[in-house]
Every structure is written in C-alpha cells, then in structure tokens.
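What follows is one structure encoded as structure tokens, with my remarks underneath.
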Amino acid sequence: MNTKPTYAVSRRSLLRAIASAPLWHAIPARAIETAADAFDVFDLEAVARAKLPPAHWAYLATGTDSELTLNENTAAFSRWYLRPRRLVDVRAPDLTTEILGETWPSPLALTPLSSQRAFDPEGEVATARAARAGRYRMILSNVASVGVEEVTAACGEPVWMQLYATARWDVARAVIRRAEAAGSRVIVLTVDLPTYSNRLTLLRGMRADSRDCTACHRGSPGRDQHLKPMYAGTGLGADEFRASGLTWEFLQRMRDSTHMRIVVKGIVTREDAARCLAAGVDGIIVSNHGGRSDDTGRAAIDSLPEVVAVAGGKVPVLVDSGFRRGTDVLKALALGASAVNIGRPYAWGLAAFGESGVARAMEIIRTELETNMRLVGAPSIADISPDLVAHA
C-alpha cells in the first residue's frame, strides 16, 4: 500500500517545473568590469546607463512622442523568423560584402551618432579607432564633437560623411568640401528630420539632471550650431539648423557640386525609394532615425522589403534602427539589405568602456551573425537568400 502523501512530486518533476518557470529564464544582466566580460550588447547597456549622467543617458535612450516607433524597431524582429537549411558545409563562413565598389570584411557599419564626447572623453576618435581595428565602415555625423579630419586619421581610411542640409546651401557646401578634402568618397544626406522631434525622454532626463551642462552642450542641436567642429566658420545659427524647406531638387544641387557618391538616409516607403532612383542617388539607407524622428509606429525592418523591391538591385540598400543581435542583421540581409548600420549598441560600448567597448559591441554582433549563418546553412553573405526568412 502506497502511504506517500498525494502532494509528493518526483525530483525529475520538480526540476522540470523549475526549468519552465519564467524566473528561471529571467536572470538579470550581471555587472561587468571590462568590455571583454560582456556576453551580449545588453551587458554594455547596463554599464552605460549606470555611468552616464541622467541627461546624457536620456539623449542616447530617447525616442519621440509615445516612443512607439522606438519600441517597434526592436519588437518587430520577433515577428520575422528564420527558416534554416540543413546539411550545408559552413566550416568557413565568408562575411565579405561589396558596397559601392568597396570591399567590406563584413556587412556591418557604424551609423552616424552625434556628440559622442557626451559618452566618452575621446568621443568619435575612440569609435574610429575601434572601427579601424575591426575594419568596419564608419559614417560620421556632421554634428559630431570631432571634425572629419581627426576622425579620418584615427580611422585610418576615409569615413562616409553624413549631412544635415540645414536652411543654408553655403553651409551644406562647406561640409561637403571639407569631407571631400578629407578623402571621403560618400556623402550621406539625412532627410527624416525636417523639424525638431518631441523627445520627451530627453526632456525629462534634462530636468532630472542637476549638473551645470552649459559647457558640454555648447553646439548641440538647437544651440549655437556653429560651435560644432563641422560648422566652424559658417556662422550657422540655431534657427537655421533644420531644413524644413528641403525638396528633391536639393539632390541635383548636390550632384552638381560633388564627385562623391550620394546616399540618402531616412527612406521608409516605396514611393520615396522610386524618387531616389529617379534622382540618380547611389544608395539608400532605410531608417527612422532609431525611433527619434517621427512616431509612425512602423519598424525599420518592416519598411525594408518595399524599398528593396523598388531598388531592384540597381543601388545598394542599407538599413539601421533597432538592431541589437546578429539574428536581427541576418534577417535584414535575407530581406535584401546590402549592409546593416549599428547605432545604440556601439554607443553603449563607448559609454561603458570607451574604445574597447565599441570594439566589443561590434565583435559581439559580428560573432552572433557568423554563428547564425552557420546555423541556418548560409556559408556566405551571397547565400543569405529571401527564403531563409518569413513573417509570422
């Protein structure tokens, strides 16, 4: 006769119950002391958040309005799933990528991110050295805290130069000429911020910050733009920074003024992609500014397919906004992206550990990409085909 209590459970059942409990899988990111200790980019995020002053963290973290776009940028990846192929020789994955006549060791680049000295004393110079060591293409913000000449020297090769048009053509021309003189071969016109967006997280972070930030915010968007290195000598005023009157004719003016390749950043629809091709651009970057421009609620990864379809292989289509994992990158490549530009993760690394943090953030994403190429049966970038991904 079995006299054991009816509520008794076997050790195996107990372990199974523990393993299936949500808290078992919710182990928080551990505190790390060096960049090398990071398991994923979120370990770097945790350190960056702890180290940065409230206003600087809020500047990095902010979206706009309800931050629906900001959140959708990352949430949308869960609605795309991978369809692996088995029994493929993946012993030596080849990440080599061709973009605008240049050979890249991987399809990863560093997206333009302004005012990086808010995150680390060396700012864009530390980022450039990490890009040089990892051989990643760097796109420099034209509201960077360091000029293109110094960043190019640290990078060891010409960077791509981002351009906010501003309300004055002479200022745009001055930035273009400086980039050309520094050896830049590509100018990236950003078109998704014709006015200042409503960045509530940033405003709240500024209000919560008790420091006197006058010195470190000289030259930030909305204040004394001429004090930013790339605007030196232009006399650009705060009220002239946003180009609310920017139209498609500006692209022709650029074409007539530079020999650099022209890439347009901030395209999210098939209609604008078609206009880009008609204007003769050399490349398109699908981007919603990391959720910092408009609050449409549409993720960049969801905008990518229609832009790729219009581009039809005539020009490369790059993408940014919301990329945190190698699997995110893999899904974008399967959807037709030529390359993926990483933003916040490398900024987390910069804020956490400087140059080594940037290098580690990019290394993590690249390693995850290579691992998952093996797992889905794609031995090269060319083998990452549309049938490897589907929408839930």
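Every number in this text was worked out from the coordinates using simple rules, so none of it is lab data. In this text the structure is predicted, and so the values were computed from the model without any measurement. Neighbour counts are summed over all protein chains in view; Cβ atoms, including those assigned to glycine, are modelled from backbone coordinates with ideal geometry.
Could you give the radius of gyration (one decimal) and Dmax (whole number) of the Cα atoms in the chain, in Å?
Rg then Dmax for the chain, in Å: 22.5, 95.
How many Å³ per residue does the convex hull of the Cα positions in the range 249-366 occupy?
Once divided by residue count, the hull of the range 249-366 is 124 Å³.
Mean separation of Cα pairs under 8 Å and 6+ residues apart, divided by the residue count of the chain: what relative contact order is that in percent?
Numbers: 769 pairs, mean separation 102.5, N = 392.
Averaging sequence separation for qualifying contacts and normalising by length gives 26 percent for the chain.
When the dipole is taken about the Cα centre of the chain, and only Lys, Arg (+1) and Asp, Glu (-1) are charged at their Cβ, what size is it in debye, to the nearest 20?
Value, rounded to 20: 940 debye.
Compute the long axis of helix 300-311 from its Cα atoms, compare it with the longest principal axis of the Cα atoms of the chain, and write down the angle in degrees, 0 to 90, nearest 10.
The angle comes out at about 60 degrees.
Before rounding to the nearest 500, sum -39500 (n - 2.57) across all DSSP H runs of length at least 4 in the chain and divide by the residue total; then give [θ] at 222 nm in deg cm²/dmol.
Details: 14 runs with 147 residues, N = 392.
Calculated from helices alone, the mean residue ellipticity at 222 nm is -11000 deg cm²/dmol.
With the dipole of the chain worked out from charges on the C-beta (+1 for Lys and Arg, -1 for Asp and Glu) around the Cα centre, which of S356, V88, V263 lies farthest toward the positive end?
V88
Classify the range 241-301 as rounded, prolate or oblate from the Cα gyration tensor: take a ≥ b ≥ c as the square roots of its eigenvalues, call it rounded if a/c is under 1.5, otherwise prolate when a/b beats b/c and oblate if not.
Verdict is prolate for the range 241-301.
List the pair-distance distribution P(r) of the range 132-181, using every Cα-Cα distance, as the percent of pairs falling in each 5 Å bin from 0 up to the bin containing the longest distance, rounded to whole percents.
4, 21, 31, 23, 12, 6, 3, 1
Taking the alpha-carbon distance from K228 and a cut-off under 19 Å, which aspartates and glutamates remain once sequence neighbours fewer than 8 residues away in the same chain are dropped?
Output for K228: D120, E122, E124, E149, E150, D170, E180, D239, E240.
Cα axis of helix 355-376 to longest principal axis of the chain: angle in degrees, 0 to 90, nearest 10?
Approximately 60 degrees, to the nearest ten.
Rounded if a/c is under 1.5, else prolate if a/b is larger than b/c, else oblate: which is the range 37-182, with a ≥ b ≥ c the root eigenvalues of its Cα gyration tensor?
On the way: a/c = 1.64, a/b = 1.21, b/c = 1.36.
Verdict is oblate for the range 37-182.
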